[in-house]
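First, the structure itself, so that you have it in front of you.
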Amino acid sequence: MNQINIKSFPRNFLWGASTSAYQVEGAWNEDGKGLSVIDVAKYPEGTSDFKVASDHYHRYKEDIALFAEMGLKAYRFSIAWTRIYPNGTGEINQKGIDFYNNLINELLSYNIEPIVTMYHFDLPYALQQKGGWSNRETIDAFENYARTLFKYFGDRVKYWLTINEQNMMILHGSAIGTLDPNMKNPQKELYQQNHHMFLAQAKAINLCHEMCPNARIGPAPNIAYVYPASSKPEDILAAQNFSSIRNWLYLDMPVFGRYNSVAWSYMEEEGCTPTIQEGDMEILESAKPDFIAFNYYSTVTVAENSSNDSAENSIGDQQITIGEPGFYRGVANPHLEKTQFGWEIDPVGFRITLRELNDRYHLPLLVTENGLGAYDKLEEGDVINDDYRIEFLRKHIEQARLAISDGVNLIGYCPWSAIDLVSTHQGFSKRYGFIYVNRDEFDLKDLRRIKKKSFYWYKNVIATNGEKL
Ligand code: BG6
């Protein structure tokens, strides 16, 4: 592959950027919004909560005008379930419908394609109190919520994402803040929850196809190619183990309607296979996604981990893998550099991941997150020289283009994040945006928006359809 014939990005490529409701909106208790699990979760000391975030709820017009100035063709955001149904189900909150109607209309007035995540970590707390995803009633609540979204917004939204990073909620829920602290047997319960989320997703996919025949819908897991630490066969097995547990479990189900066999045997060994009710598998098989959306930050490298090894179970966070005795052990990849927050940087791994997804599933792919969290510095004269972010994104876009040249059907690229927002568990100082929000961890200052150097750079990337990086 010398890449003599490098293809261009497709003409209608969705150059976008992403956010999620609870990380950007603020207004946590305004206009009838109910509490979500995020609003009641405990976060590490020294990090901001999500109450005000970037105040996007009150400033969305100003923000969207900036997105338009940057030239975004698409904006991926999530709808807060608790704005639509404050208690997860029951009465609709009209003010929540109004907010997202206005947001969508504002985007469309600039010809920015809305890409909507239905659920991004913020389960209604009222549902959590009734068992959350462990309770099958949450599947019905999600289906009802999905019906409402399609009914009110389906005339204008053409791209829907079901659940953001279901795999990270199962593997790293304690870091993200989605793990129910009251679970008695967390692993067993988590894989039951996982099964229920699969069902909820399948029902939403079917409903979308029924109610919005012109729309497209897909899952949105976090996918990271898993490298073996060496060519030792046991390391290869460990890589296969982790890849099945982390990646393929979450895509084999929506795409093929079945449990990944290696992941299933892992659940058997761990004693955490879910209870499957009659009719469940039929529902799971019936739903067919139109594309795969996925978030990519890095690859993972693992080594053998015999059952006698005393590694802790896989806590870490979304990109930091610890290990599980008997299955895999996360190790550092000596060939990769790291971000200021310890996440490995692997643009070539992005191409590898894209190829692998293409080979396994043969569906259009949409990148819904990719980016660099860093401590940005606001310099005199309202300047932010985030050259490191430009370099990170440039290298990933180069690899995306090579993947397209390899034959991957990549339809869009939405880096994280459109604008600075609160990180899942590392506060406001870990910034990802093209637009700086003038606040600190606890001092809200004036929250004014300032264009970073990467804003102008990405604007030019979009204007040249990825030719000028
Ligand atoms: C993904 C999430 O896991 O990674 C986002 O979908 C998150 O919500 C992003 O913000 C970056 O992670 P973090 O922990 O740095 O905010």
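The values are calculated or read from the model by the stated rules, or taken from the named source; none is laboratory data. None of these values were measured; they are calculated from a predicted model. No Cβ is skipped: glycine too gets one built from the backbone with ideal geometry, and neighbour counts run over all protein chains shown.
Which members of the range 412-446 meet the condition of being surrounded by fewer than 17 Cβ atoms within 10 Å (Cβ to Cβ) and at positive phi?
Answer for the range 412-446, where residues must be surrounded by fewer than 17 Cβ atoms within 10 Å (Cβ to Cβ) and at positive phi: just K445.
Testing Q340 on (1) part of a loop (DSSP other than H, G, I, E, B); (2) surrounded by 15 or more Cβ atoms within 10 Å (Cβ to Cβ); (3) within 16 Å of the ligand (Cβ to nearest atom), one condition comes back false. Which one is that?
Of everything listed in (1) part of a loop (DSSP other than H, G, I, E, B); (2) surrounded by 15 or more Cβ atoms within 10 Å (Cβ to Cβ); (3) within 16 Å of the ligand (Cβ to nearest atom), Q340 misses just condition (2).
Also, I was wondering about something else. So which of S261, S310 is at negative phi and modelled with pLDDT under 95?
The unique qualifying residue is S310.
Yes or no, residue by residue, for (1) touching a strand residue (DSSP E or B) at 6+ places or on another chain (Cβ under 6 Å); (2) surrounded by fewer than 22 Cβ atoms within 10 Å (Cβ to Cβ); (3) of a type in the set (F, W, Y):
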{"position": "M169", "(1), (2), (3)": "no, no, no"}
{"position": "K188", "(1), (2), (3)": "no, yes, no"}
{"position": "M211", "(1), (2), (3)": "no, yes, no"}
{"position": "I245", "(1), (2), (3)": "no, no, no"}
{"position": "P254", "(1), (2), (3)": "yes, no, no"}
{"position": "N260", "(1), (2), (3)": "no, yes, no"}
{"position": "S265", "(1), (2), (3)": "no, yes, no"}
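Against the condition within 29 Å of M168 (Cβ to Cβ) and buried (at least 23 other Cβ atoms within 10 Å of the Cβ), how does L66 come out, does it pass?
Criteria not met by L66.
Evaluate the following for K203: is it within 24 Å of A126 (Cβ to Cβ), touching a residue at least 40 places away in the same chain (Cβ under 8 Å) and more than 16 Å from the ligand (Cβ to nearest atom)?
yes
Continuing with this model, one more query. Return the residues of the range 424-460 that are among the β-branched types (V, I, T) and out of contact with any helix residue (DSSP H, G or I) (no Cβ under 7 Å at 6 or more places or on another chain); say none if nothing qualifies.
Scanning the range 424-460 gives V437, I450.
Take the residues in the range 107-122 that are hydroxyl-bearing (S, T, Y) and over 14 Å from Y60 (Cβ atoms); name whichever of them is nearest to the ligand (Cβ to nearest atom).
T117
Another one. Within the range 108-123, can you find the residues that are closer than 17 Å to V367 by Cα and in a loop (DSSP other than H, G, I, E, B)?
I112, H120
Kindly evaluate N87 against the criterion of being of a type outside the set (S, T, Y), part of a loop (DSSP other than H, G, I, E, B) and surrounded by fewer than 23 Cβ atoms within 10 Å (Cβ to Cβ).
It is true that N87 is of a type outside the set (S, T, Y), part of a loop (DSSP other than H, G, I, E, B) and surrounded by fewer than 23 Cβ atoms within 10 Å (Cβ to Cβ).
(1) over 21 Å from K288 (Cβ atoms); (2) touching a residue at least 40 places away in the same chain (Cβ under 8 Å); (3) not aliphatic (A, V, I, L, M): which one isn't true of F198, the others all being true?
Failing condition for F198: (1).
Which of the residues belonging to the range 1-44 are hydrophobic (A, V, I, L, M, F, W, C) and in a loop (DSSP other than H, G, I, E, B)?
Passing the criteria: M1, I4, I6, F9, F13, A27, W28, L35, A41.
Does the range 63-80 contain any residue that is closer than 30 Å to P181 by Cβ and out of contact with any Ser or Thr (no Cβ under 6 Å at 6 or more places or on another chain)?
Within the range 63-80, one or more residues are closer than 30 Å to P181 by Cβ and out of contact with any Ser or Thr (no Cβ under 6 Å at 6 or more places or on another chain).
Which of the following residues is at positive phi and either free of Cβ contacts under 8 Å to residues at least 40 places away in the same chain or out of contact with any strand residue (DSSP E or B) (no Cβ under 7 Å at 6 or more places or on another chain) (or both): G88, G26?
The match here is G26.
Among the residues of the range 360-378, which ones are more than 16 Å from the ligand (Cβ to nearest atom) and either surrounded by fewer than 21 Cβ atoms within 10 Å (Cβ to Cβ) or in a loop (DSSP other than H, G, I, E, B) (or both)?
Once the filter is applied, which keeps residues that are more than 16 Å from the ligand (Cβ to nearest atom) and either surrounded by fewer than 21 Cβ atoms within 10 Å (Cβ to Cβ) or in a loop (DSSP other than H, G, I, E, B) (or both), the range 360-378 yields R360, Y361, H362, L363, P364, K377, L378.
Being over 26 Å from P228 (Cα atoms) and touching a helix residue (DSSP H, G or I) at 6+ places or on another chain (Cβ under 6 Å) is the filter here; which residues of the range 287-310 pass it?
A287, P289
I'd like to know if the range 160-180 contains one or more residues that are among the β-branched types (V, I, T), more than 18 Å from T82 (Cβ to Cβ) and within 16 Å of the ligand (Cβ to nearest atom).
Within the range 160-180, one or more residues are among the β-branched types (V, I, T), more than 18 Å from T82 (Cβ to Cβ) and within 16 Å of the ligand (Cβ to nearest atom).
Can K130 be described as of a type in the set (K, R), out of contact with any Leu (no Cβ under 9 Å at 6 or more places or on another chain) and within 26 Å of I92 (Cα to Cα)?
Considered against the rule, which asks whether it is of a type in the set (K, R), out of contact with any Leu (no Cβ under 9 Å at 6 or more places or on another chain) and within 26 Å of I92 (Cα to Cα), K130 comes out as yes.
Just a yes or no: is a residue in the range 158-168 part of a helix (DSSP H, G or I), out of contact with any Lys or Arg (no Cβ under 8 Å at 6 or more places or on another chain) and free of Cβ contacts under 8 Å to residues at least 60 places away in the same chain?
No, the range 158-168 contains no residue that is part of a helix (DSSP H, G or I), out of contact with any Lys or Arg (no Cβ under 8 Å at 6 or more places or on another chain) and free of Cβ contacts under 8 Å to residues at least 60 places away in the same chain.
Please name all residue pairs, on different chains or six or more residues apart, with Cβ atoms under 9 Å, provided the first residue is in the range 53-82 and is more than 15 Å from Y436 (Cα to Cα) and the second residue is surrounded by fewer than 19 Cβ atoms within 10 Å (Cβ to Cβ) and among the hydroxyl-bearing types (S, T, Y).
Note: pairs meeting the criteria are A68/S109; A68/Y110; L72/Y110.
Now a separate question. Please enumerate the residues belonging to the range 241-254 that are under 16 Å from S306 (Cβ atoms) and among the polar types (S, T, N, Q).
Selection gives N241 alone.
Where the second residue is among the charged types (D, E, K, R) and surrounded by 14 or more Cβ atoms within 10 Å (Cβ to Cβ) and the first is closer than 14 Å to D55 by Cβ and free of Cβ contacts under 8 Å to residues at least 12 places away in the same chain and lies in the range 440-469, which pairs have Cβ atoms under 6 Å and are six or more apart or on separate chains?
That search, which allows pairs on different chains as well, returns K445/R439.
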